[in-house]
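The values are calculated or read from the model by the stated rules, or taken from the named source; none is laboratory data. These numbers come from a predicted model, not from an experiment. For neighbour counting, all protein chains shown are included, and Cβ atoms are generated from backbone atoms with ideal geometry for every residue, glycine included.
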Amino acid sequence: MYDIIGSIATYNNDKNILSKAIKSFLDTELNIKLYIIDNSPTDYLRGVCVHPKTEYIFNDNNLGFGAAHNIVMRKMIDNTKYFLILNPDVYFKRGTLEQLRIFMDSNRDVGLVMPKVLYPDGSSQRLCRLLPDPYDLVLRKIDIKMFNPIIARRKSRYELGFADYNKMMDVPYLSGCFMFIRTEALKKVGIFDERFFLYLEDVDLSRRINYAYRNVYFPDAQIYHTYERGSNKDIRLLWQIILSAIKYFNKWGWFFDRRRSAVNSVTINRISGRGQ
């Protein structure tokens with residue numbers, strides 16, 4: 001039985017950046033294994049994955065983010081206590097995995113945990129979020145000056161801009177760049193929904209885990225994320241966001257979603273102190 005199984009889905013990634021993520025994960029005394037699931041058109045990343053605790057899987061096809069990680073989850077779900085969904089552009093210091101495992105071992109009601117996420121310069125990324133509604137996703141893509149105050153307010157609310165990111169908090173949606181998940185939670189609520197090729201699959205899984213467990217932001221542990229919003233540069237990625245958003249809201253509800261309203265209200269009240 002492994003302590004942690006890690007999974008990195010790749011697509012034409014920079015070898016040096018990927019190597020940094022792999023080395024971060026392997027720098028531990030825990031019983032671990034790392035899978036690199038490659039959706040790239042060629043297997044040029046194979047040479048990066050030569051450590052005995054890594055396994056390279058070349059799909060020869062772009063299956064999408066969730067479907068790639070599901071290959072590992074299905075294969076290893078009975079062989080590990082925790083899964084780590086890790087982006088290829090994330091790295092962290094030795095001891096981080098130990099911190100997260102100790103936290104999860106001590107808090108059996110937590111199904112998903114995410115550490116503090118920093119840019120390489122040390123500034124914080126706000127990746128704790130409410131469950132989105134259509135306005136949250138649409139307004140973030142509108143670049144019209146007259147709407148800027150409205151967009152800023154919606155974005156701040158959605159990203160919990162009023163919260164103290166130095167404190168631990170329960171959050172319904174934690175970013176897919178680093179998802180440390182209790183295997184029991186996956187057995188209970190299921191793995192990634194493969195209807196989402198790219199984008200919002202992490203929202204969907206976070207939401208399902210949060211039905212049965214707590215989702216916790218744990219800032220005592222920290223990681224670094226070399227983050228670029230590709231959808232701002234590539235019309236094909238923007239189109240994927242639109243497709244995923246349609247599938248997500250068709251699944252959970254567009255403007256009338258009682259569960260979303262209740263969860264978001266409780267989260268805001270708790271973090272702001274009004275629920276105490």
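Kindly list the number of the only condition in (1) of a type in the set (Asp, Glu); (2) touching a strand residue (DSSP E or B) at 6+ places or on another chain (Cβ under 8 Å); (3) in a loop (DSSP other than H, G, I, E, B) that fails for Asp202.
Here Asp202 clears every test but (3).
Let me confirm something: among Phe103, Phe92, Phe65, which residue is surrounded by 15 or more Cβ atoms within 10 Å (Cβ to Cβ), touching a Gly at 6+ places or on another chain (Cβ under 8 Å) and not polar (S, T, N, Q)?
One residue alone meets the criteria, Phe65.
If you take the residues of the stretch 10-25 that are aliphatic (A, V, I, L, M) and within 17 Å of Glu55 (Cα to Cα), which of them is surrounded by the fewest Cβ atoms within 10 Å (Cβ to Cβ)?
Among those residues, the one meeting the criterion is Leu18.
Sort out which residues of the stretch 48-62 are touching a strand residue (DSSP E or B) at 6+ places or on another chain (Cβ under 9 Å) and either modelled with pLDDT of 95 or more or not aliphatic (A, V, I, L, M) (or both), and write them in order of number.
Residues satisfying the conditions are Cys49, His51, Lys53, Thr54, Glu55, Tyr56, Ile57, Phe58, Asn59, Asp60.
Here's the yes/no breakdown for (1) surrounded by 15 or more Cβ atoms within 10 Å (Cβ to Cβ); (2) hydroxyl-bearing (Ser, Thr, Tyr); (3) touching a Gly at 6+ places or on another chain (Cβ under 7 Å):
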residue	(1), (2), (3)
Gly122	no, no, no
Arg126	yes, no, yes
Glu159	yes, no, no
Thr183	yes, yes, no
Gly190	no, no, no
Asp193	yes, no, yes
Leu200	yes, no, no
Arg207	yes, no, no
Ile223	yes, no, no
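Where the second residue is small (Gly, Ala, Ser) and outside any helix (DSSP H, G or I) and the first is farther than 13 Å from Phe218 by Cα and lies in the stretch 154-170, which pairs have Cβ atoms under 9 Å and are six or more apart or on separate chains?
Partner pairs satisfying both residue conditions: Lys155/Gly161.
Can you tell me which of (1) surrounded by fewer than 17 Cβ atoms within 10 Å (Cβ to Cβ); (2) in contact with a Lys or Arg (Cβ under 8 Å, 6 or more places away or on another chain) is the one Pro52 doesn't meet?
Every listed condition holds for Pro52 apart from (2).
Just give me the residues in the stretch 25-48 being under 17 Å from the mean Cα position of the chain (by Cα) and not in a strand (DSSP E or B), in sequence order.
Matches in the stretch 25-48: Phe25 only.
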